[in-house]
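Report on one structure; see the data block that follows.
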Amino acid sequence: MYTTKTCPYCFAAKSILVEKGIKFKEHDVSFDPAMRIKLMDKTGRRTVPQIFFNDKHIGGYTDLEQYFENQT
């Protein structure tokens, strides 16, 4: 998951993943312009969080919510 230190949606996404018992690795792009560019190149998006499950791009916070809604 790509995040920043001040993003409320990042905190919410992490909370959902913890609640679901899903382990994740966090990549903080707050002060890393090169990593931010890599993220944009990889996803086509400028926003965080950007969430991946086993290299499959899920999307941002709203996409994560929809992902779990579709699992039920």
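FYI, it's all coordinate maths here, none of it is from the lab. Computed from a predicted structure; not experimentally measured. Neighbour counts are summed over all protein chains in view; Cβ atoms, including those assigned to glycine, are modelled from backbone coordinates with ideal geometry.
Compute the FRET efficiency between TYR67 and ASP28 as 1/(1 + (r/R0)^6), taking r as their Cβ-Cβ distance and R0 = 30 Å, and round to the nearest 0.05. Using R0 = 30 Å, I get an efficiency of 0.85.
Dipole orientation for the chain: of the candidates ILE22, TYR2, PHE68, TYR2 has the Cα lying most toward the positive pole (charges on Cβ; Lys, Arg +1; Asp, Glu -1). The HN-Hα couplings worked out from phi for the stretch 36-41 by the Karplus form 6.51 cos²θ - 1.76 cosθ + 1.60 (θ = phi - 60°) are 5, 5, 4, 4, 5, 4 Hz, whole numbers, x standing for Gly and Pro. Note on the chain: with charges restricted to the Cβ of Lys and Arg (+1) and Asp and Glu (-1), its dipole about the Cα centre is near 180 debye. Using the Kirkwood radius over Cα pairs, work out the Stokes-Einstein diffusion coefficient for the chain at 4 °C and 1.567 mPa s, in µm²/s as a whole number. For the chosen part, D equals 105 µm²/s. Applying the Karplus relation 6.51 cos²θ - 1.76 cosθ + 1.60 with θ = phi - 60° to the stretch 45-57 yields 3J(HN,Hα) values of 10, 9, 8, 10, x, 10, 10, 10, 10, 6, 6, 8, 6 Hz, where x marks Gly and Pro. Taking every C-alpha pair closer than 8 Å and separated by at least 6 residues, the mean separation divided by the residue count of the stretch 2-70 gives a relative contact order of 34 percent. To the nearest 10 degrees, how steep is helix 61-70 against the longest Cα principal axis of the chain, on a 0 to 90 scale? Here the helix axis deviates by roughly 30 degrees.
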